[in-house]
Amino acid sequence: MNDVRYKIMPAMGAGEGPWEYAPLDEFILSIPGFVYALKFFGIIPPIHVLNEILESGCDDAGMGGGAKWKPFSLSESEYEELVENLITNPNHEIREDRSLWEKPNYEKWHMSLLGKKPRGK
């Protein structure tokens, strides 16, 4: 799995953190838009939703900070490897929920995710 080079943008105020490198699965777990889905709900976004964010090169969480990186997208095989790494990682309770895969974009996927039961509840 390739490393991703990215910068964390701090919460509130100007400035940026230093460039960092992390394996793709760790990088995904640090993007604000996906932290909630992966850590609170334990659900992996489908490839088209994940690529929508990755291709933007930025995930701005407003006053909550964010992250930026050189835009890229995942192939099917890279996505499958990412999913396998996330699902089999003993440090996380992450799963796929294919009932959300028909959502056409991040916004609709995220709104549907909010209707799901958080993990452990």
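The values are calculated or read from the model by the stated rules, or taken from the named source; none is laboratory data. Note that the structure is a prediction, hence the values are computed from the model and not measured. Quick reminder, even Gly has a Cβ in these numbers, built from the backbone with ideal geometry, and neighbours come from all protein chains shown. Heads up: the accessible areas ignore ligands, DNA and RNA and are worked out on the full protein's heavy atoms, side chains in. Shrake-Rupley method; radii C 1.70, N 1.55, O 1.52, S 1.80 Å.
Tabulated data for the structure shown
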item	result
All positions within the stretch 95-121 that are open to solvent by less than 90 Å² (accessible area, probe 1.4 Å) and either touching a strand residue (DSSP E or B) at 6+ places or on another chain (Cβ under 8 Å) or more than 22 Å from H48 (Cβ to Cβ) (or both)	E96, D97, L100, L113, K116, P118, R119, G120
Among the candidates I31, I53, I43, residue that is within 23 Å of P118 (Cα to Cα) and free of Cβ contacts under 8 Å to residues at least 40 places away in the same chain	I31
Subset of the stretch 85-97 [out of contact with any Gly (no Cβ under 8 Å at 6 or more places or on another chain) and touching a residue at least 40 places away in the same chain (Cβ under 8 Å)]	N85, L86, I87, N89, E96, D97
Cβ-Cβ under 9 Å pairs, at least 6 apart or on other chains, the stretch 66-84 side touching a residue at least 40 places away in the same chain (Cβ under 8 Å) and on the phi > 0 side of the Ramachandran plot, far side open to solvent by less than 70 Å² (accessible area, probe 1.4 Å) and of a type in the set (G, A, S)	G66/A11; G66/G33
Test result for H92, open to solvent by less than 60 Å² (accessible area, probe 1.4 Å), out of contact with any strand residue (DSSP E or B) (no Cβ under 9 Å at 6 or more places or on another chain) and part of a loop (DSSP other than H, G, I, E, B)	yes
Hits in the stretch 30-52 (condition: open to solvent by 20 Å² or more (accessible area, probe 1.4 Å) and either of a type in the set (F, W, Y) or touching a helix residue (DSSP H, G or I) at 6+ places or on another chain (Cβ under 7 Å) (or both))	P32, Y36, F40, I47, E52
Criterion (modelled with pLDDT of 85 or more and assigned to a loop (DSSP other than H, G, I, E, B)) met by exactly one of L86, L82, L74	L74
Answer residue from the stretch 53-89, given it is open to solvent by less than 50 Å² (accessible area, probe 1.4 Å) and among the β-branched types (V, I, T) and is nearest to E26 (Cα to Cα) among those	V83
